[in-house]
1. Let's test the formula: R0 of 30 Å, r as the Cβ-Cβ distance of E122 and A20. What FRET efficiency results, to the nearest 0.05?
2. Quick one: accessible surface of D72, probe radius 1.4 Å, all protein chains present, in square angstrom to the nearest 10.
3. Can you compute the FRET efficiency between R4 and V95 using 1/(1 + (r/R0)^6), with r the Cβ-Cβ distance and R0 = 41 Å? Round to the nearest 0.05.
4. To the nearest µm²/s, what D does Stokes-Einstein give for the range 1-83 at 4 °C and 1.567 mPa s, using the Kirkwood radius over alpha carbon pairs as Rh?
5. Can you check what the net charge comes to around V156, using other residues whose Cβ is under 11 Å from the Cβ of V156 (Lys, Arg +1; Asp, Glu -1)?
6. Can you figure out the FRET efficiency of R159 with T55, using R₀ = 25 Å and their beta-carbon distance, to the nearest 0.05?
7. Under a point spin-label approximation (7 Å from Cα along Cα-to-Cβ), what is the R148-N34 distance to one decimal in nm?
8. Given points 7 Å out from each Cα along the Cα-Cβ axis, report the L47 to R141 separation in nanometres with one decimal.
Amino acid sequence: AAARPDTLVIGLDASAAGMADASRRAARRGALPNALFAVASAEQPPLTGIAGEITVNFPWASLLRGVLGADDAVLAGLAALASPGAAISALVSVVPRDGVPPVPPADVLAAAYDRAGLRLVEARPATAGEVAASGSSWAKRLRAGSARPVTLLKSVESRTSIIP
């Protein structure tokens, strides 16, 4: 929100404690009149068709499984939140001790994304600059990009909408 003052930024987290923490961190940085924080799950977004861009940084639990194509409800929720043609990017870091499957091959991911009305356009290792640009404190704690691999997944909302 601070980097893009002309854009409404909505932070979603299924955890009330997590969202309260994000809100407190934002408040310490100063007033952000363009920031809104809501407790909501990706599977059931509070609004639909409004996001021109969606960013998911270092998810865990169901959100991680979803962006890895293993939870259709999560991908469907992200697609529902997105406006037609919206860009969606996710930075994910998965290692065997996390207890989730590794990042699947691009063709497997593409099929899962397609089922949700999303088109996978890129799946590749993230650069150190992309990890740093996320500004994620979680990435720093994970030592993502140095001690852990990071994958960048980019997709676009691909359903056709007909506006009467």
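1. It comes out at approximately 0.35.
2. Around 80 Å² of this residue is reachable by solvent.
3. With R0 = 41 Å, the Cβ-Cβ based efficiency is 0.80.
4. 97
5. 0
6. According to the calculation, E is roughly 0.80.
7. For the pair R148/N34, the computed spacing is 3.0 nm.
8. 2.8
The values are calculated or read from the model by the stated rules, or taken from the named source; none is laboratory data. Every value quoted in this text rests on a predicted model; they were computed, and no experiment measured them. Reconstructed Cβ throughout: ideal geometry from the backbone, glycine too, with neighbour counts over all protein chains shown. Accessible surface is based on the protein model in full, side chains and every heavy atom, while ligands, DNA and RNA are left aside. Shrake-Rupley method; radii C 1.70, N 1.55, O 1.52, S 1.80 Å.
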